[in-house]
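The values are calculated or read from the model by the stated rules, or taken from the named source; none is laboratory data. On a predicted model such as this, the values are computed, not experimentally measured, just so you know. A quick note on method: Cβ atoms are made from the backbone with ideal geometry, for glycine too, and the neighbour counts reach across all protein chains shown. Just so you know, the surface numbers come from the protein's heavy atoms only, side chains and all, with ligands and any DNA or RNA stripped out. Shrake-Rupley method; radii C 1.70, N 1.55, O 1.52, S 1.80 Å.
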Amino acid sequence: MIIYDKLWKTMQAKGISQYDLYTTYNISRSQLDRLRHNKNVEVNTIDKLCHILNSRVEDIMEHVEDEENKEQVF
């Protein structure tokens, strides 16, 4: 499972708010909602966030083991 907890910490460290993202950088509110709820987002959105925050992907998101799917083989 991909989670975006690091995004909010990186934004705080860089002084960029959610309001800034949708008013200045045209990140839609629906994308922000998807990020808040750890739902799927497009790679393009991750790329934009990395550019805006001058950060790496690892500063925005991380993979954690999903207990429900731990036993599943893909």
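Structural remarks
- Residue-level check: of (1) outside any helix (DSSP H, G or I); (2) surrounded by 12 or more Cβ atoms within 10 Å (Cβ to Cβ), N40 misses just (2).
- Long-range neighbours under 6 Å by Cβ, at least six apart or interchain, first residue in a helix (DSSP H, G or I) within the range 13-34, second of a type outside the set (A, V, I, L, M) and open to solvent by 90 Å² or more (accessible area, probe 1.4 Å): Y22/R29
- Check on D20, open to solvent by 40 Å² or more (accessible area, probe 1.4 Å), more than 18 Å from I3 (Cα to Cα) and of a type outside the set (S, T, Y): yes
- Residues satisfying the stated conditions in the range 1-51, i.e. in contact with a helix residue (DSSP H, G or I) (Cβ under 7 Å, 6 or more places away or on another chain) and β-branched (V, I, T): T10, I16, I27, V41, T45, I46
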